[in-house]
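S.K.: Here you go, one structure.
The values are calculated or read from the model by the stated rules, or taken from the named source; none is laboratory data. As the structure is a computational prediction, the values presented were derived from the model and not from experiment. Glycine gets a Cβ as well: all are built from the backbone with ideal geometry, and neighbour counts include every protein chain shown. Just the protein is used for accessible areas: all its heavy atoms, side chains included, with ligands, DNA and RNA removed. Shrake-Rupley method; radii C 1.70, N 1.55, O 1.52, S 1.80 Å.
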Amino acid sequence: DTGVSQNPRHKITKRGQNVTFRCDPISEHNRLYWYRQTLGQGPEFLTYFQNEAQLEKSRLLSDRFSAERPKGSFSTLEIQRTEQGDSAMYLCASSLVSDSNSPLHFGNGTRLTVT
Amino acid sequence: EDQVTQSPEALRLQEGESSSLNCSYTVSGLRGLFWYRQDPGKGPEFLFTLYSAGEEKEKERLKATLTKKESFLHITAPKPEDSATYLCAVRINYGQNFVFGPGTRLSVLP
């Protein structure tokens, strides 16, 4: 169990640019979640996958955000035309669907700064 | 609307001074309440899961309890290494996502 891995750890970009983050979940976990966290707040749900299917998206998720999990393993989160308000920590988590009591296991996040 | 609140927002304790953190929730169908610890610049680290009122879980100096509307995280004789933000989250019926509270920032002074 190597844990949830996220890359890059930090990303600085200029407003209007596109950015993509990667998440590698714990290998046997088939659920994968993306959350966003701003300073002093708890994580806010963005979307989740079960295997390669995207099953739920937050109603607050802008059309500029898209996530994929093409082979049910790693996932990418893309933000198009970034805005300063997108600056946050983007957290990925995974869990095991066969265990209905399974908690989320988080990576250490990607910190995005939009200048 | 499903909501999770935590109090206090921040707490400063002297080493050895026991205290409790509160997590209150209003959700439509609780399927579990989770406590996490988060260190600066890191992702949340899982501590406990609680499912039914009256349930208790313990780990070292931490004990979590659950009632029908709230959960408490009791910290007994804390040490400076217990300093972190403590988050609670609820898992609700109609979706698989977890709703997090804003956290309590705990500082334990030597």
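S.K.: In segment A:22-31, is there at least one residue being open to solvent by 50 Å² or more (accessible area, probe 1.4 Å) and either within 30 Å of residue B:11 (Cα to Cα) or not small (Gly, Ala, Ser) (or both)? Walk me through it before giving the result.
M.R.: Quick first cut of segment A:22-31, residues open to solvent by 50 Å² or more (accessible area, probe 1.4 Å) only: A:22, A:27-28.
Pick out the ones that are also either within 30 Å of residue B:11 (Cα to Cα) or not small (Gly, Ala, Ser) (or both) and you get A:22, A:28.
Scanning segment A:22-31, I find at least one residue that is open to solvent by 50 Å² or more (accessible area, probe 1.4 Å) and either within 30 Å of residue B:11 (Cα to Cα) or not small (Gly, Ala, Ser) (or both), so the answer is yes.
S.K.: Restricting attention to segment A:101-115, which residues are closer than 25 Å to residue A:2 by Cα and either part of a strand (DSSP E or B) or within 8 Å of chain B (Cβ to nearest Cβ) (or both)?
M.R.: Quick first cut of segment A:101-115, residues closer than 25 Å to residue A:2 by Cα only: A:101-112.
Of everything in segment A:101-115, those that are closer than 25 Å to residue A:2 by Cα and either part of a strand (DSSP E or B) or within 8 Å of chain B (Cβ to nearest Cβ) (or both) turn out to be A:101, A:103, A:104, A:105, A:106, A:107, A:108, A:109, A:110, A:111, A:112.
S.K.: Here is a follow-up. Taking residue A:65 and the conditions (1) over 11 Å from the mean Cα position of the chain (by Cα); (2) away from every other protein chain (no Cβ under 14 Å), which numbered condition does it fall short on, given that it satisfies the others?
M.R.: Tallying (1) over 11 Å from the mean Cα position of the chain (by Cα); (2) away from every other protein chain (no Cβ under 14 Å), residue A:65 fails exactly one: (1).
S.K.: Strands (runs of 3 or more DSSP E) wholly in segment A:1-77 with at least 2 residues that are under 29 Å from residue B:105 (Cα atoms) - which ones? Don't jump to the end; show me each part of the working.
M.R.: Working: elements: A:5-7, A:10-13, A:19-24, A:31-37, A:44-50, A:53-57, A:65-68.
Hits in segment A:1-77: A:5-7, A:10-13, A:19-24, A:31-37, A:44-50.
S.K.: Right, next: Would you confirm whether any residue within segment A:86-95 is of a type in the set (A, V, I, L, M), closer than 24 Å to residue B:104 by Cβ and either within 8 Å of chain B (Cβ to nearest Cβ) or free of Cβ contacts under 8 Å to residues at least 24 places away in the same chain (or both)? Reasoning before the result, please.
M.R.: To start, the set of residues in segment A:86-95 that are of a type in the set (A, V, I, L, M) comprises A:88-89, A:91, A:93.
Checking which are closer than 24 Å to residue B:104 by Cβ leaves us with A:88-89, A:91, A:93.
From what is left, the residues that are either within 8 Å of chain B (Cβ to nearest Cβ) or free of Cβ contacts under 8 Å to residues at least 24 places away in the same chain (or both) are A:91, A:93.
There is at least one residue in segment A:86-95 that is of a type in the set (A, V, I, L, M), closer than 24 Å to residue B:104 by Cβ and either within 8 Å of chain B (Cβ to nearest Cβ) or free of Cβ contacts under 8 Å to residues at least 24 places away in the same chain (or both).
S.K.: I'm checking my understanding of the structure. Among residues of segment B:59-107 that are in contact (Cβ under 8 Å) with a residue 60 or more places away in the chain, open to solvent by 10 Å² or more (accessible area, probe 1.4 Å) and away from chain A (no Cβ under 14 Å), which one is nearest to residue B:41 (Cα to Cα)?
M.R.: Start the filter on segment B:59-107 by keeping residues that are in contact (Cβ under 8 Å) with a residue 60 or more places away in the chain, which leaves B:75, B:77-80, B:86-94, B:98-107.
Restricting the remaining residues to those that are open to solvent by 10 Å² or more (accessible area, probe 1.4 Å) gives B:77, B:79-80, B:93-94, B:99-100, B:102, B:105, B:107.
If we keep only those that are away from chain A (no Cβ under 14 Å) as well, we get B:77, B:79-80, B:107.
On the way: B:77: 26, B:79: 20, B:80: 18, B:107: 16 Å.
Result: B:107.
S.K.: What pairs come up if the first residue lies in segment A:70-82 and is of a type in the set (Phe, Trp, Tyr), the second is in a strand (DSSP E or B) and open to solvent by 60 Å² or more (accessible area, probe 1.4 Å), and their beta carbons are under 9 Å apart, counting only those six or more places apart or on different chains?
M.R.: A:74/A:22
S.K.: Which of the following residues is in contact with a Leu (Cβ under 6 Å, 6 or more places away or on another chain), farther than 23 Å from residue A:18 by Cβ and among the polar types (S, T, N, Q): A:75, A:94, A:58?
M.R.: Details: A:75 fails: farther than 23 Å from residue A:18 by Cβ; A:58 fails: farther than 23 Å from residue A:18 by Cβ.
The conditions single out A:94.
S.K.: Now for a separate question. Given B:1, B:45, which one is acidic (Asp, Glu), open to solvent by 40 Å² or more (accessible area, probe 1.4 Å) and farther than 26 Å from residue A:54 by Cβ? It would help to see each step written out before you state the result.
M.R.: Working: B:1 fails: farther than 26 Å from residue A:54 by Cβ.
Going through B:1, B:45 in turn, the sole match is B:45.
S.K.: Let me ask something additional. Going through A:63, A:86 one at a time, which residue ends up being open to solvent by 50 Å² or more (accessible area, probe 1.4 Å) and either over 18 Å from residue A:9 (Cβ atoms) or among the charged types (D, E, K, R) (or both)? Break it down into steps so the answer makes sense when it comes.
M.R.: Numbers: A:86 fails: open to solvent by 50 Å² or more (accessible area, probe 1.4 Å).
On inspection, the qualifying residue turns out to be A:63.
S.K.: Of the residues that sit in segment A:47-56 and are touching a Ser or Thr at 6+ places or on another chain (Cβ under 7 Å) and more than 9 Å from chain B (Cβ to nearest Cβ), which one is most open to solvent (accessible area, probe 1.4 Å)?
M.R.: My answer is A:54.
S.K.: Next up: Considering (1) more than 9 Å from chain B (Cβ to nearest Cβ); (2) over 14 Å from the mean Cα position of the chain (by Cα); (3) of a type in the set (Val, Ile, Thr), say which one residue A:38 fails and leave the rest.
M.R.: Status for residue A:38: all satisfied but (2).
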